[in-house]
1. If you take the residues in region 72-107 that are among the charged types (D, E, K, R) and over 18 Å from Ala184 (Cβ atoms), which one is surrounded by the fewest Cβ atoms within 10 Å (Cβ to Cβ)?
2. On the given criteria, is Glu167 under 22 Å from Trp90 (Cβ atoms) and charged (D, E, K, R)?
3. Looking at Ile136, Ile196, can you tell me which residue is within 12 Å of the chain's Cα centre (by Cα), of a type in the set (A, V, I, L, M) and assigned to a helix (DSSP H, G or I)?
4. Please go through region 139-155 and give me each residue that is open to solvent by less than 50 Å² (accessible area, probe 1.4 Å) and not in a helix (DSSP H, G or I), ordered by number.
5. Go through (1) farther than 25 Å from Arg212 by Cα; (2) open to solvent by less than 40 Å² (accessible area, probe 1.4 Å) for Pro18 and report which single condition fails.
6. Regarding Gln53, is this residue open to solvent by 20 Å² or more (accessible area, probe 1.4 Å), at pLDDT 90 or above and on the phi > 0 side of the Ramachandran plot?
7. Let me spell it out: the conditions are (1) touching a residue at least 40 places away in the same chain (Cβ under 8 Å); (2) among the hydroxyl-bearing types (Ser, Thr, Tyr); (3) over 19 Å from Asn134 (Cβ atoms), and Tyr63 meets all of them except one. Which number is the exception?
Amino acid sequence: MNKRNLLLKKEMLLTASPRSYVFIAFAFMALIPQYPILLGAFFVCLGIFGSFQACRESGDIFYTAMLPVAKRDVVISKYIFTVAIQMLAWILMFVLTQIRMTFLADVVPYSINTLMNANYAYLGWNLMIFAAFNTIFVGKFFKTAYKLGIPFLLFGIAATLIITIGESLHFFPGMESLNDTHFALSQLWVLATGIILYLAGTAASLAISIKRFEKIDL
C-alpha cells in the first residue's frame, strides 16, 4: 500500500469525525415536502467541517506533514475524503430522487409541493453547494491549515445564495418545469451546470490548495 493510500486510510478511520459519516443521513431530507431540502447538502458539508475541526484541534495536519510524505499528498487525501463523503451523500440523494420522481411523483403532499421538489435540477443544485464548499472552505483552509471560522462563514453565505436562487428560480415565468415532480429537459441544464462546476471547481481548488500548503512553514 503506497503512502497516499495510507494517508487516505488514516483520514477515513482515524482523523474523520463520526459526524462526517452520520451527517450523510441528511440526504434523506430529499423526502421532506414543503421544506428547503437543499439544506441537506449544507448539513453534509457541516459534517465534513467537523472532521477539519477535529483535525485542527488534535494538531493532526501538522503531525501528518512531519511524516515522510509529500505535502501535496496531505492535501490530496483531505480532498479525496471530502469528495468521498459528498459522493456518498449525493448517490443517496439520487436514489431518493428517483423514488420521488416515480413512485411518489403524484402523491400528495409531493404533488402540491411549492418548495423545491427532488428532481434532476435538485441534484444539480446539491453539486453546486458541494462545489462551493470545496472551493471556498477547503481551498481557504489550506491557506493557513488552521483557520476554519471565516472560510466556513463564507461558504455558508455562498450556500445560502445557492439555496435562495434554487428555491426561487422555478417561480419565474417559463421556468416552472424546473420544479416538476416528473422529468423535464430543463432540469438537465441545472444538473449539467452542477456537474461542471463541481468537477472544475474541485480540481481548481485542489491545485491551488497544493500550492498554498507547500508554501506554509510548519
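The values are calculated or read from the model by the stated rules, or taken from the named source; none is laboratory data. These numbers were taken from a predicted model, which means no experiment stands behind them. Reconstructed Cβ throughout: ideal geometry from the backbone, glycine too, with neighbour counts over all protein chains shown. The accessibility values were calculated without ligands, DNA or RNA, using every heavy atom of the protein model including side chains. Shrake-Rupley method; radii C 1.70, N 1.55, O 1.52, S 1.80 Å.
1. First, the residues of region 72-107 that are among the charged types (D, E, K, R): 72-73, 78, 100, 106.
Keeping just the survivors that are over 18 Å from Ala184 (Cβ atoms) gives 72-73, 78.
Working: Arg72: 16, Asp73: 20, Lys78: 27.
By that ranking, first place goes to Arg72.
2. yes
3. Numbers: Ile196 fails: within 12 Å of the chain's Cα centre (by Cα).
Exactly one of Ile136, Ile196 is within 12 Å of the chain's Cα centre (by Cα), of a type in the set (A, V, I, L, M) and assigned to a helix (DSSP H, G or I), namely Ile136.
4. Those that are open to solvent by less than 50 Å² (accessible area, probe 1.4 Å) and not in a helix (DSSP H, G or I): Ala145, Leu148.
5. For Pro18, the exception is condition (2).
6. no
7. (1)
Per-residue answers, yes or no, for (1) part of a helix (DSSP H, G or I); (2) touching a Lys or Arg at 6+ places or on another chain (Cβ under 7 Å); (3) among the aromatic types (Phe, Trp, Tyr):
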| residue | (1), (2), (3) |
| --- | --- |
| Val75 | yes, no, no |
| Tyr79 | yes, no, yes |
| Phe94 | yes, no, yes |
| Arg100 | yes, no, no |
| Ala105 | no, no, no |
| Ser111 | yes, no, no |
| Asn126 | yes, no, no |
| Ile157 | yes, no, no |
